[in-house]
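Rule-based calculations on the coordinates, nothing more; no lab input. Please read these numbers as outputs of a predicted model, since none were measured by experiment. Note: ideal-geometry Cβ built from the backbone for every residue, glycine included; neighbour counts use all protein chains shown.
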Amino acid sequence: MTLLEALQQFVTECNQNERLREMNRDWSRRIQLEPDDTQHLHWLVSDEGLVSAGEGPVDNPDMLIQAPEEILTAIFSGEMTPTEPYNAGDLLVRGQQDDIMRLDILTLLIWGE
Amino acid sequence: MQNSLSRVLPLRTAVSTSAGLASAAVNFLAAVEVAEYAGGQSAWLAILVAGVLIVFAGSNFSELNGLFPSAAAIRVWIRRGVNDQVSLVSSFVYMFTVVFVIAADAFVLGHTFSRAIPAIPALLWILAILALVTWSNSRGIKVAGAVQDTNAFVLLGTLMLFSLMVLARTRHLGQFHYFHLGSNWFEAIALGIFIFVGFEWVTPLAEEFQDFRAIPRGMYIALGLIAVAFGLFSLALTVAFPHVHLLAHSFVPQLLVGMKAMGKFGFWWMAFVTLTTAMTTFNGGLLSASRFVYALAREKALPSWFSRLNGRLVPQNALMTLAGTSFVLAIVVYFTGQYLFLINAGAGVESFMYALSSWLVISLRRRDPKRARPFHAFGYPVVPVIMGVIFLGLGVEALLTPTGPSGFPWSLVFFAVLLVLMVIYVLVAIPRLKEKKPGLGQVSKGSKGV
């Protein structure tokens, strides 16, 4: 699975879940994903409850996420919780802590513990 | 990461967070204890020396923070620099330090308000304020950054102003021995470390700053402000009340300085500042510690029960457990009056953490030499080695300092028991937790919007 495929799966899970859409209604954010090995940029945008993703840079990001592409793919496909690489220093995030926690909660609610 | 973020924190917040987290209400009592061991008026010098030593620890934290700017901070640094088990044990002990500081601040708050308004029992004050902060945390209500910012500067500004007023009103200032080093001066420095405890807890905010240099700058400015404010406070206290040992049982030295400076207004202003300081300690401590417990539960280092969220996406079980533990500890401390035990244990744990920061700087330079370091620790490798040894010695000294008339170092026993329990937990319980079949992520029923 590529990172883009993983992101698209993540987007589908978010948008098909009515409770998540409701939860994210007041959470509009632009997230830039920066694989530090391939440098192949991707983005994730949450806009009034609806999530979308794609390749390339995003303007004025609220959050920057940096990790090897393999780890980013594993996180957004649900194979790995973000906490494990985060606590190991393999996943670096820049942005507000509430947003970082919100992203972790989304993965928790979609894929469980 | 080269891209710029749309919302970032300013340097002012780095300063106020570092100063605010270090400026707990229990620091007033710590200043009295430092003065007792320093032998009187030279307490300011012990606090200044402790502050200068901590600048070097700050330099270590700055390098580690630039290397891995993460809210998981010590969890990441120790895992990378030593191993996962040591990282978990240290993280748990560090988390308990937050609970100690909350309990100690509750003790000071209770005594302050039972003195100001005797009709209301101290325990009721402690319960009411802790419950209010816990409730607002559980509702996802955050103390606005501006309020948190303001409180740190108001506290430190008040201490400086009131202390200077007391000094200005004291006659025959020349009669005192400001540079007299008593026989327990090393203990005084060891306990002086406690005044600065928590200055480095600004590092978990690294992700919210655009410029990595803001954290080191913020820490250094905060250390300077704390050293000046509490140095002046200890000086005013020891000059106004030369028989320091009599102050140890007043539990409200800040109110006495307030009275000396500005009479009744000074008394009530200090009571107000104590209240806001304790509330920001409770708020900051519970907020950060509950998120930390949540993260540990997410990686299965704690039971998944701690990762349960309420409808406002707050880790409710983690928050309630921490608040409950703090309250129980505060009650025990209040009835036994053993607050020195918390100060000594806190100073010991932090000194060991500062010693460990030296080890981590050296270890990570060897293990990960090519990784970008926006900030380099002072005088590597000689200074980190010397500082590591000094902080190790200060930590042992703080734990060996007696907590009562018997002269027995209960803080050392407490620390040893806590350490052994954490080691057993990490080596025995966590592997079993990680073997368990994963369950589903939970959010409480009836939650808003989920």
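Overview of values
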| quantity | calculated |
| --- | --- |
| Residue in region A:22-41 that is free of Cβ contacts under 8 Å to residues at least 24 places away in the same chain and in contact with a Pro (Cβ under 7 Å, 6 or more places away or on another chain) present | yes |
| Checklist (1) assigned to a helix (DSSP H, G or I); (2) more than 16 Å from B:Val101 (Cα to Cα); (3) of a type in the set (Ser, Thr, Tyr) applied to B:Ser406, failing item | (1) |
| Considering residues of region A:58-100 that are within 17 Å of B:Leu5 (Cα to Cα) and free of Cβ contacts under 8 Å to residues at least 24 places away in the same chain only, the residue farthest from the other protein chains (Cβ to nearest Cβ) | A:Asp98 |
| Filtered residue count, region B:314-347, keeping only those that are surrounded by 23 or more Cβ atoms within 10 Å (Cβ to Cβ) and not in a helix (DSSP H, G or I) | 1 |
| Every pair of residues 6+ apart whose Cβ atoms lie under 8 Å, when the first sits in region B:202-222 and is under 17 Å from A:Val93 (Cβ atoms) while the second is of a type in the set (Asp, Glu) and not in a helix (DSSP H, G or I) | none |
| Selected residue (criterion: surrounded by the fewest Cβ atoms within 10 Å (Cβ to Cβ)) from residues of region B:58-108 that are among the charged types (D, E, K, R) and either touching a strand residue (DSSP E or B) at 6+ places or on another chain (Cβ under 6 Å) or at the interface with chain A (Cβ under 9 Å from one of its Cβ atoms) (or both) | B:Asp84 |
| Residue under evaluation A:Arg25, criteria (1) within 19 Å of B:Arg312 (Cβ to Cβ); (2) more than 9 Å from every other protein chain (Cβ to nearest Cβ); (3) in a loop (DSSP other than H, G, I, E, B), criterion not met | (2) |
| In region B:348-370, residue nearest to B:Val32 (Cα to Cα) [restricted to those that are buried (at least 19 other Cβ atoms within 10 Å of the Cβ) and of a type in the set (Val, Ile, Thr)] | B:Val349 |
| Single match in A:Gly49, A:Gly95 (criterion: more than 14 Å from A:Leu7 (Cα to Cα) and surrounded by fewer than 20 Cβ atoms within 10 Å (Cβ to Cβ)) | A:Gly49 |
| Subset of region B:208-250 [within 14 Å of chain A (Cβ to nearest Cβ), crowded, with 22+ Cβ neighbours inside 10 Å and not hydrophobic (A, V, I, L, M, F, W, C)] | B:Glu208 |
| Selection from region B:180-227 of residues that are touching a Lys or Arg at 6+ places or on another chain (Cβ under 8 Å) and more than 21 Å from B:Ser70 (Cβ to Cβ) | none |
| Identity of the residue in region B:251-308, crowded, with 24+ Cβ neighbours inside 10 Å, farther than 30 Å from A:Thr81 by Cβ and small (Gly, Ala, Ser), that ends up farthest from the other protein chains (Cβ to nearest Cβ) | B:Ala261 |
| Qualifying residues in region A:28-57 (those that are more than 22 Å from A:Asp98 (Cβ to Cβ) and of a type in the set (S, T, N, Q)) - the one farthest from the other protein chains (Cβ to nearest Cβ) | A:Thr38 |
